[in-house]
Every structure is written in C-alpha cells, then in structure tokens.
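Below: one structure, written as structure tokens.
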Amino acid sequence: MVLSITIGATLFANFLAPAGYEHQFRDSPNASPSNKHLLGTDDLGRDRFARLLYGSRVSLLLAPLAAALSTVLAAFVGGLAGYFGGWLERMALIVVDLFLSIPWIFLLISVRAVLPLNISPQSSVIVTFLLLGSLGWAASARIVCAGTRSLMKSDFVALARATGFSGSRLVRLHLLPNLRGILLAQFWISIPVFIITEANLGALGLGVSEPLPSLGSLLRELQNVVTLRPEPWRFIPLAVLVIVVSSFEILLNRSSNSFSEVRA
Amino acid sequence: MKRPLLVYAALVLVSAAMLAQSGGELRFCIPSEPNTFNPLLPQEVSSATIIYLTGGVLARFNRFSQKLEPELATSWKVLDGGKKIRFQLREGLHFSDGTLFSADDVAYTMQKLMDPDLHSPTGDAFRSGEGKVVTNILSPVTIEIIFPAVVANLANLFDTVPMLSSRSPQKDMASLGPFYVAEHKAGTYILLKRNPYYWKKDSSGKQLPYLDAIRLEIELNKEIEALRFSRGDLQMITALQPDIFEKLASQNNAQVQDAGVSTYTEFLWFNQVPASTIPAYKRAWFTSTAFRRAVSEAINRADMARIVFHGHAQPAVGAVSPANKFWFNTKLKPHPYDPDSALRRLRQEGFHFDKGKLTDKSGNEVEFSIITVANNHARESMAAMVQQDLKKIGIKVNVVTLDFHAVIERISETFNYEACLLGLLYSDLDPNGVMNVWLSSEPDHQWNPKQKSPATAWEAEIDRLMRAQASSGDEHLRKQYWDRVQEIAWEQEPFIYLVDKDALVAISPKVKNAHPSALHPQTFWNAEYLALDNGGR
C-alpha cells in the first residue's frame with residue numbers, strides 16, 4: 001500500500017510537483033518549508049518536494065530494471081554452471097568469486113570514468129543503473145547455481161532424463177518452474193540493494209548527473225551534519241528510502257512465504 | 001596603499017600592548033598526514049603548515065601588510081639587477097637544539113636547495129639560468145648569494161626557504177622558527193613545542209612564542225572539524241566552507257571572521273588542444289574568442305557568489321585576485337552578466353538562436369560537457385548554475401562529476417574532455433609563480449599545454465611579456481608587463497574566471513592576538529604572537 005502510494009506519487013510527479021526539478025528559485029535558496037515549497041528549497045533554490053518526487057521516480061523505476069537485468073544474468077550464468085557441472089561450473093564459480101571480490105564502488109567509479117562525457121542526465125542515470133545491473137549478478141548466480149545443481153540431482157529430473165526429455169524441454173518444464181522462487185527472491189532482494197548502491201554513488205557525487213535528482217543525490221544533503229539539527233526536513237529523502245526499501249523487504253518475505261505455501 | 005599599513009601598524013601596537021598570557025596548547029587541524037618533514041620539500045597543505053610554523057627564514061612576507069620584513073636577516077640588498085643578494089644576519093641565533101646559526105648554514109641551505117637530485121619545488125623558483133649558484137661568506141653574519149642569471153622577485157623568494165643547520169646532529173629537524181616538531185603519532189597528530197632558543201621578543205622584551213605548544217590534529221573531514229571546534233576541542237579552523245561558516249556564525253558570531261577576498265579562484269576553461277578527440281566543429285567554438293566571451297557574459301557570477309558561497313565570494317575579475325594588492329590590475333572589472341550581449345556576440349559569429357536552441361553556422365546544436373571533481377559540493381553547484389545560465393542562451397551543458405584522478409588524467413594526459421571547472425589557490429603572489437600556467441610551452445597552460453610554438457598571436461604576446469617580466473629586476477616594469485598579461489587574459493578569456501572566494505576562518509575567543517589574513521596561512525601567519533586566554537583552560 002505504502003509502496004503503491006509512493007510509486008503513484010512519483011508517476012504523477014508532473015502534476016504534483018509545484019515546479020520542475022531543475023528550476024532554480026535563486027531568490028530563495030535554502031528556504032524553509034512553506035506553502036510555495038512544501039519541503040523548502042535546496043541550496044540552489046530548487047524545490048525539494050519536486051526533486052523528491054522526480055528523484056524517487058528515477059530510483060523506483062530504474063532499480064527494478066537493473067534488478068531484472070542482474071537476475072537474468074544470474075539465471076544464465078548460474079543455470080548453465082549448475083546444469084552442466086564439472087569444469088564449466090568450476091570456471092563459472094571462479095568468475096563469480098572474482099566479481100564478488102571486486103569492490104563495487106571502485107569498479108563503478110572506474111567504469112563511470114571511461115564513459116562518454118556528452119550524455120544527457122537521463123542517459124547517465126540509465127547507464128548508472130545498467131552498470132549496477134550488469135555488475136551485480138554474481139551473488140545471485142551462486143545461489144541459482146546451487147539451486148540448479150540440487151534440481152539436477154533430484155529424482156524427477158533423473159526420471160525426465162530417463163524418459164528422453166531433451167535439454168531445452170527439461171529446462172522449460174522442470175528447471176525454470178522450480179527455480180522461479182529463487183529467481184523472484186533474487187529480483188526482490190536486488191531492488192533495495194541497487195537503490196542503496198545508487199544512493200552511495202550519489203553520496204560520492206558519482207551517481208546521476210545534474211540537474212536530474214535521484215534518491216542518492218538527494219541524500220547528499222545529509223553529509224552536511226553541521227547544518228542538520230535545525231532542518232529536520234532534510235531527512236525526508238532518507239525516510240522515503242527507508243520506507244521504500246522496507247516495503248520491498250516485506251514484499252520479498254510475502255512472496256517467499258506464498259511460494260513456500262505453493263510448493264507445500 | 002597607506003591605509004592598510006596604518007591598520008596593520010595599529011593592530012601590531014594593540015597586540016604588543018595586550019598582556020597576552022604565555023602557555024597553553026593551541027589545537028587545530030591539518031587535512032592529511034604530512035608527506036615530508038624536509039623543510040625544502042613542501043608538497044601539500046600539511047607539510048607546508050609544519051614548515052611554516054617550524055622554519056626560520058631570512059625574510060618573511062607579512063601576510064597582512066604584504067611587505068617583506070626582516071627575520072633571521074636584519075637587512076638585505078639585491079645587487080646586479082637581481083643576480084646577486086647580500087644578507088646581513090642576526091648575531092647569536094641558535095637552532096632549537098642549541099646549535100649556533102651562521103652564514104655557513106645559509107650557504108649549506110642554498111647548496112641543498114639547488115641540488116638537482118632533491119627536486120625541491122622551492123628551489124625551482126630560483127633556477128633562472130644555466131650554471132651554479134655561488135655563495136660567498138663575507139663574515140659569520142654576512143653572505144652573498146650569486147645566481148647565474150637575474151632572478152625576479154629575488155628577496156621575496158626567501159620567505160619560502162627555511163634555514164637548515166649544517167652542524168646540528170638533528171639535521172633537518174633542527175628549527176629556527178617559533179616551534180619544533182616534538183612528537184608525531186602517525187595518522188593522529190603532530191605536536192609542535194615552543195623553540196626555547198627562538199630569537200624573537202615582543203615589545204615588552206618577553207620571549208616569543210607565547211604558546212607552549214601547537215597540536216596539529218589530522219582530520220580530513222571538514223564537518224567533523226567544525227563539530228570539534230564547536231565542542232571546544234579545537235581553537236582554530238582555516239579555510240572554512242561557507243555553509244559551515246554560516247552555521248558557526250549562528251552559534252556565536254564572534255568566533256568566525258570573513259577576512260576578505262582571498263587568492264583562491266574558481267574558473268572554467270575549454271579544451272583547445274588540437275590533438276584532442278573532440279569534434280572539429282566543437283574545437284572551432286572553443287578556440288573562438290567571441291564564443292568564450294559570450295559564455296562568460298551569460299554566467300551570473302553575482303548569483304554564484306551569493307548562492308553557492310553564501311555571499312562569501314566576489315565575482316572574479318581575472319588572472320589575479322584583488323587580494324594580491326600589488327600585482328592586481330585595478331583597471332580591470334569583472335565581466336558583466338549580460339545574456340543579451342552574449343547572444344549578440346554569438347549571432348555576429350554566425351550562431352543562430354531559435355526556439356531556445358543555439359546552433360552554429362553548420363547547424364550543429366551547441367552542446368558541451370563540463371567535467372569537475374566529484375564530492376566537491378560547491379563546484380557541482382557552480383556547474384549546475386552554469387548549466388542553468390547557459391540554457392537561457394540555448395546552450396545545453398552536461399555536467400559530469402568524476403573522481404579527482406580521472407579529472408587530472410583527462411585534463412593533462414588524454415585531453416578527452418570539452419570543458420573543465422576547477423579551482424586554484426595562488427599561494428605565490430608573484431607572476432613568476434604562475435609562469436607554468438601562462439607560458440604556452442608549459443604543461444599547466446591548461447587550455448592548450450606544451451605548445452611547440454604559440455598557437456595564437458595573443459599567446460605569443462603573453463609568452464613575450466612573461467619572459468620579459470621574469471628577466472627584469474625592476475618591479476615597476478614587471479608590474480607593467482604583468483598588467484598587460486592580465487588585460488590580454490581578460491580580453492581573450494582562455495580561463496573564464498568565475499569567483500574569488502573569501503578567506504573564512506573560525507577562531508575561538510580564547511585565542512588572543514589573532515588577526516586573520518586573506519592570504520595563506522590565514523589564521524596562524526603570526527603564530528609566535530598567538531596566545532591562549534588562561535593558557536587555554
């Protein structure tokens with residue numbers, strides 16, 4: 001419910017926001033909340049409420065896309081490794097370990113540094129989330145691999161093979177349906193992880209380009225701890241992030257429970 | 001010029017009259033572990049701070065009056081038009097370990113300073129021509145130093161040369177300044193203690209420094225530094241960020257001071273390197289003076305100073321900040337904010353402005369990226385304001401924040417960028433200190449470095465003027481040359497200067513005799529006179 005309201009509000013940001021997210025009201029920078037600016041303005045005079053709506057939209061739309069990409073990659077690598085086993089599995093797990101051992105933030109910073117400079121803020125945010133998706137599949141792949149390996153050793157797969165099921169039919173009819181729960185769980189887990197990673201990148205100033213906001217770039221205001229105490233409204237993006245991430249966690253628990261019930 | 005001197009004289013008298021209490025430990029932060037304790041190798045703020053507080057120099061450039069004053073030397077005379085300098089030293093001075101100071105030490109210091117194997121940046125300023133630097137010791141307190149060619153601004157350069165001891169068992173760590181390095185806990189602090197042999201006395205004959213010690217806490221985070229200052233753990237902060245300044249001012253206005261415009265300038269430039277990967281049509285824009293002038297006129301510097309720096313910055317005039325009293329060309333004024341004039345210039349150059357978009361003669365939409373360093377909030381905000389301002393004349397700007405090393409690599413090695421926004425602290429006020437920026441053959445001639453021959457007539461003119469000022473011993477002639485360079489830079493705008501930041505400092509009311517200066521080091525330039533009320537208790 002909370003997540004639906006949040007997503008709904010961000011989708012209708014064009015109607016709800018009192019101004020564009022980039023518009024600088026230069027006569028009123030750092031303004032306190034008022035009728036004109038519900039959450040005040042930032043240090044360039046940009047309406048915080050508008051930026052929160054648009055920033056949440058960016059994070060809430062693109063994090064699931066990145067999560068879908070990483071889940072597909074994880075399913076492909078982990079599924080192949082678990083299906084074939086042997087040296088292919090060992091090689092795949094070495095690659096997975098390699099990806100897991102690389103510090104994400106530094107890798108993202110490096111990749112970001114070699115990207116073309118003349119891309120619009122909209123493209124830059126898509127690129128950022130695509131990077132997150134294409135780099136964040138390794139942990140999920142290990143779980144998918146273990147699940148596939150376990151399925152390959154199960155009696156019903158052995159029976160299907162004995163009755164002459166082709167590889168593709170086996171995957172389509174037995175493996176994918178049984179891996180669905182794992183893949184869904186990995187998808188839901190990845191969404192908050194990517195939102196938080198983008199927030200970390202944003203906090204380092206390396207996320208979404210100006211003037212486009214994201215939850216991450218909005219959280220940068222919290223770095224200024226000295227000026228926080230009299231301005232609690234600066235915490236609202238953090239509250240939204242906590243609510244969104246918590247909602248995804250609850251969704252994940254529910255989907256896991258319902259999947260368990262179905263299996264039982 | 002007389003008024004600041006009178007103010008300074010009054011401040012000195014007030015300081016002298018003040019019965020400052022001795023003792024106590026002053027604490028403030030340095031941003032990192034010092035790279036070196038070698039007095040001839042200052043590399044960054046932390047080592048430069050330690051060297052300033054511990055090093056004894058022959059003459060000191062007073063950060064308040066901007067005049068050179070006697071220190072270890074009682075007098076000096078520049079001879080042969082700037083090829084030779086003769087120093088008369090004070091008698092009976094000792095290093096912090098008790099070793100006697102004499103002309104031998106000056107000769108030893110010069111020998112070490114000019115040693116090519118040391119690669120001292122301080123020594124580079126003295127390298128005017130081929131050949132060795134010769135020292136003639138005329139007596140234990142008189143020495144002549146002879147250079148192979150004229151060295152401009154020769155006497156002032158000795159402000160940055162701390163004297164080493166040729167005989168002390170402590171070698172480079174023996175100090176002639178008010179303090180010496182007593183303790184170093186890596187990553188945590190450096191403790192400087194009062195030099196018991198320091199030569200200077202106050203007007204009442206009391207030996208300086210007043211303080212027992214200075215503890216330099218290593219802390220990079222400016223927010224934490226401000227919190228510690230608010231709690232009373234620290235007594236001073238140099239180079240405050242404007243938002244923290246405002247916050248501290250709201251707590252207690254008496255503890256912060258805006259010391260006026262500093263020599264820290266923020267600027268923007270376009271990549272004009274012929275070998276860069278940018279498209280030819282874009283390079284044509286960037287090499288066009290009219291395009292650069294139009295961009296400059298379309299940027300609202302006053303808004304930038306007011307919003308990003310909370311009013312603690314001034315619209316920049318040009319290559320020299322007004323804080324540099326002698327060398328600043330007073331005829332120049334900041335470029336006015338005038339988007340209409342900017343559009344007129346662009347139309348004259350063949351650009352078309354239609355439906356909010358600017359296109360060049362060939363129909364290319366005018367769009368470029370500005371790179372700047374990530375996690376520098378002020379620069380990102382400035383870039384966002386430039387983005388908004390240029391949108392009004394139809395230019396689309398993409399702001400790209402990169403980590404520091406990626407920015408440096410792009411602007412100095414790969415040249416894979418279109419425009420860059422950075423800032424620079426000019427700690428050397430003399431034009432010789434920026435030869436590396438203005439000579440077209442130099443690597444720091446950022447818009448088009450390392451040119452074999454000047455790409456434009458105006459760059460050739462700047463080269464000629466810079467070389468002429470560097471080889472002249474006549475200060476007024478040098479000023480004429482440098483004034484002309486500033487005028488050319490103002491007209492051509494290879495660097496679009498945005499704002500000159502104010503020097504913002506926080507000083508606890510417990511600290512006595514502090515007179516913050518706009519020049520670095522803003523808070524402790526008169527460290528020997530600083531005192532703590534009740535010994536800091």
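What follows draws every value from the coordinates through simple rules; no lab data is involved. Here the structure is a predicted model, which is why all the values come from computation and not from measurement. Don't worry about glycine lacking a Cβ; one is built from the backbone with ideal geometry, like all the others, and counts go over all protein chains shown.
A few remarks follow.
- In whole angstrom, region B:208-255 maps to an equivalent ellipsoid with semi-axes of 21, 14, 9, each derived as √(5λ) from the alpha carbon gyration tensor and ordered largest first.
- Per residue of peptide B:370-383, the mean number of Cβ atoms on other chains within 10 Å of the residue Cβ is 3.
- Membrane-span-like helices in chain A, defined here as complete DSSP H runs extending at least 15 Å along the helix axis by their C-alpha atoms with mean Kyte-Doolittle hydropathy no lower than -0.5, are A:48-84, A:86-101, A:104-114, A:121-135, A:138-152, A:176-203, A:236-263; this is a sequence and geometry rule, not a statement about a membrane.
- Crossing angle, helix B:242-251 versus chain B [Cα axis fit, 0-90 degrees, rounded to tens]: 60
- Equivalent ellipsoid, region B:270-377 (semi-axes from 5 times Cα gyration tensor eigenvalues, Å): 28, 17, 16
- Whole-Å distance, taken between Cα centres, linking region B:433-484 and region B:407-426: 20
- Label-to-label distance, nm, for residues given as residue A:107 and residue B:100 (7 Å Cα→Cβ offset): 6.8
- The distance separating the Cα centre of region B:219-278 from that of region A:3-76 comes to 29 Å.
- Largest first, the three principal axis extents of the alpha carbons in chain B are 76, 57, 44 Å in whole numbers.
- Against chain B, whose longest principal axis is taken from its Cα atoms, helix B:45-54 shows a tilt of about 30°.
- With the charge dipole of the protein assembly as shown set up from +1 on Lys and Arg Cβ and -1 on Asp and Glu Cβ about the Cα centre, the Cα lying farthest toward the positive end among the listed residues A:58, B:155, A:75 is that of A:75.
- Our helix-only sum for the protein assembly as shown, with -39,500 (n - 2.57) per DSSP H run of n ≥ 4 divided by its residues, gives a mean residue ellipticity at 222 nm of -13000 deg cm²/dmol.
- Gained length - residue A:246 relative to residue A:168, 0.36 nm times residue gap less alpha-carbon distance: 24.3 nm
- Note on region A:118-164: Kirkwood hydrodynamic radius from all Cα pairs is 13.7 Å, rounded to one decimal.
- Peptide packing: for B:505-515, B:326-336, the average count of neighbouring Cβ atoms within 10 Å per residue gives the ranking B:505-515, B:326-336, highest mean first.
- Computed from the alpha carbon atoms alone, the convex hull of region B:384-503 holds 146 Å³ per residue.
- Sequence-distant aspartates and glutamates (8 or more away, or on other chains) whose Cα lies within less than 13 Å of residue B:325: B:428, B:430, B:483
- With the alpha-carbon atoms of region B:312-372 aligned to their principal axes, the span from lowest to highest coordinate is 47, 28, 20 Å, starting with the largest.
- The protein assembly as shown - convex hull of alpha carbons, volume per residue in Å³: 208
- Sequence ranges A:133-139, B:476-482, A:56-62, ranked by mean other-Cβ count within 10 angstrom, highest first: A:56-62, A:133-139, B:476-482
- Overall Cα dimensions of region B:452-532 - principal axes, largest extent first, Å: 56, 32, 22
- Angle between chain B longest axis and helix B:222-231 axis [Cα atoms, degrees, rounded to 10]: 50
- Long-range tail of P(r) for region A:18-73 (Cα pairs > 15 Å, %): 52
- For region B:103-171, the pair-distance distribution built from all alpha carbon pairs, in bins 5 Å wide starting at 0, is 3, 17, 26, 29, 17, 6, 1, 0 percent.
- When restricted to Cα atoms, region A:8-154 yields an Rg and a Dmax of 21.4, 69 Å, respectively.
- Label-reachable residues, region A:68-86, where backbone N falls under 18 Å from a point 7 Å from residue A:97's Cα toward its Cβ: A:78, A:81-82, A:85-86
- Sites residue B:170 and residue B:78, calculated FRET efficiency, Cβ-Cβ separation with R0 25 Å, nearest 0.05: 0.20
- With both labels modelled 7 Å from their Cα along Cα-to-Cβ, the residue A:76 to residue A:36 distance reads 5.2 nm.
- Prolate/oblate/rounded call for region A:47-120, Cα gyration tensor, a/c under 1.5 rounded: prolate
- With 10 Å bins from 0: P(r) over region B:126-276, alpha-carbon pairs, percent: 8, 20, 26, 27, 15, 5, 0
- Centroid-to-centroid separation of region A:109-147 and region B:81-114 [C-alpha atoms, Å]: 60
- Exceedance of the 24 Å cut-off in Cα-Cα distance is limited, within the set B:222/B:392; B:77/B:501; B:282/B:392; B:331/B:479; B:200/B:222, to B:222/B:392; B:77/B:501; B:200/B:222.
- Too-long pairs where the Cα-Cα distance tops 18 Å, listed order kept, from B:355/B:391; B:247/B:512; B:112/B:171: B:247/B:512
- Each residue, residue A:7 and residue B:203, gets one label point 7 Å from its Cα in the Cβ direction; the gap between the two is 7.6 nm.
- Normalised convex hull volume, chain A, alpha-carbon set, Å³ per residue: 148
- At q = 0.14, 0.17, 0.22, 0.25 Å⁻¹, base-10 log of I(q)/I(0) for region A:115-203 (Debye sum, equal scatterers on each alpha carbon): -0.65, -0.79, -1.04, -1.20
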